Each structure stands twice: as C-alpha cells, then as structure tokens.
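Structure record follows, encoded as structure tokens.
The values are calculated or read from the model by the stated rules, or taken from the named source; none is laboratory data. As the structure is a computational prediction, the values presented were derived from the model and not from experiment. Positions of Cβ are generated from backbone atoms using ideal geometry, with glycine treated the same way; all protein chains shown enter the neighbour counts.
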Amino acid sequence: MATIQDEIPGLVIQTVRHPEIRTATATIQQQFEEFHRLNPWVLKALESLTADYLARGARRVGIGMLFEVLRWRYTTATEGDEFRLNNNFRSRYVRLIVERHPQWQSAFEVRSLRTD
C-alpha cells in the first residue's frame, strides 16, 4: 500500500482498497462500513482537510467540497490512479467527523438520512 504525505498537515494519502461487498444486496450503511474498515485513512484525510480549512478562517465547510479536494489530491499524489469515493458516503463521513469533533458541528450542515 502506497502512502504519500501531503503538504497539508496530517493529510496522508494511501492507496484505496475497494471492498468485495455485493452492492446489489448491501445497504448504503453496510457498504460504507466496509469501505471505512478498509480505508480508515479517508476519514483522517477528511479531518485534516477540515482542520486546515477552518484554521484558515472558514466558518462553514461542505463535505462535497472536501470529497472533491480529496479526489484531486489523491489523483495528483498517485499519478492518476483512480480514486472511487462513493458520493453516497458523504452523509456518513460528515456524521463521523462531527461525532469525533463536536466543536465542528456548526461548520457542517447535517441533514436527515433518507435511507439506512
């Protein structure tokens, strides 16, 4: 597994591992839990991006923006290796971030889940 240290403090990019879970029968939550189990660095990377952005004076941050920045950083760090980060996981990641960093709750808009 390749590991690349980015210039943003704490942002470490690793090769993504894709689960072998059947998406046709698994819920979004099950898919997310398996992806997160295989790629705990993604949460840490999102936390590093959030911390850096808020430290620069931002008061609000969107998980969508963080996803796109992480995709871009991954692609440039791995010389074009495809980083498939499911947009369905956005709501799960923002909940984990806020759970781990309650002081950031006001920075994110968290909507109700439409599915489990």
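Condition check: of a type in the set (A, V, I, L, M, F, W, C) and at pLDDT below 90. Does Val42 satisfy that? Against the criterion (of a type in the set (A, V, I, L, M, F, W, C) and at pLDDT below 90), Val42 does not qualify. Quick one: in the stretch 35-77, which of the residues that are more than 14 Å from the chain's Cα centre (by Cα) and assigned to a helix (DSSP H, G or I) is surrounded by the most Cβ atoms within 10 Å (Cβ to Cβ)? My answer is Ala77. The residue pairs whose first member lies in the stretch 16-34 and is surrounded by fewer than 16 Cβ atoms within 10 Å (Cβ to Cβ), whose second member is acidic (Asp, Glu), and whose beta carbons are closer than 6 Å, counting only pairs six or more residues apart or on different chains, are Ile21/Glu34; Thr27/Asp116; Gln29/Asp116. Taken over the stretch 44-89, the criterion of being touching a residue at least 60 places away in the same chain (Cβ under 8 Å) and of a type in the set (S, T, N, Q) is satisfied by Thr78, Asn88.
For Ser48, the criteria (1) in contact with a strand residue (DSSP E or B) (Cβ under 9 Å, 6 or more places away or on another chain); (2) more than 23 Å from Glu109 (Cα to Cα) hold in every case but one, which is (2). The residues of the stretch 78-116 that are part of a loop (DSSP other than H, G, I, E, B), at pLDDT below 95 and under 23 Å from Gln14 (Cα atoms), listed by number, are Thr78, Glu79, Gly80, Asp81, Glu82, Phe83, Arg84, Leu85, Asn86.
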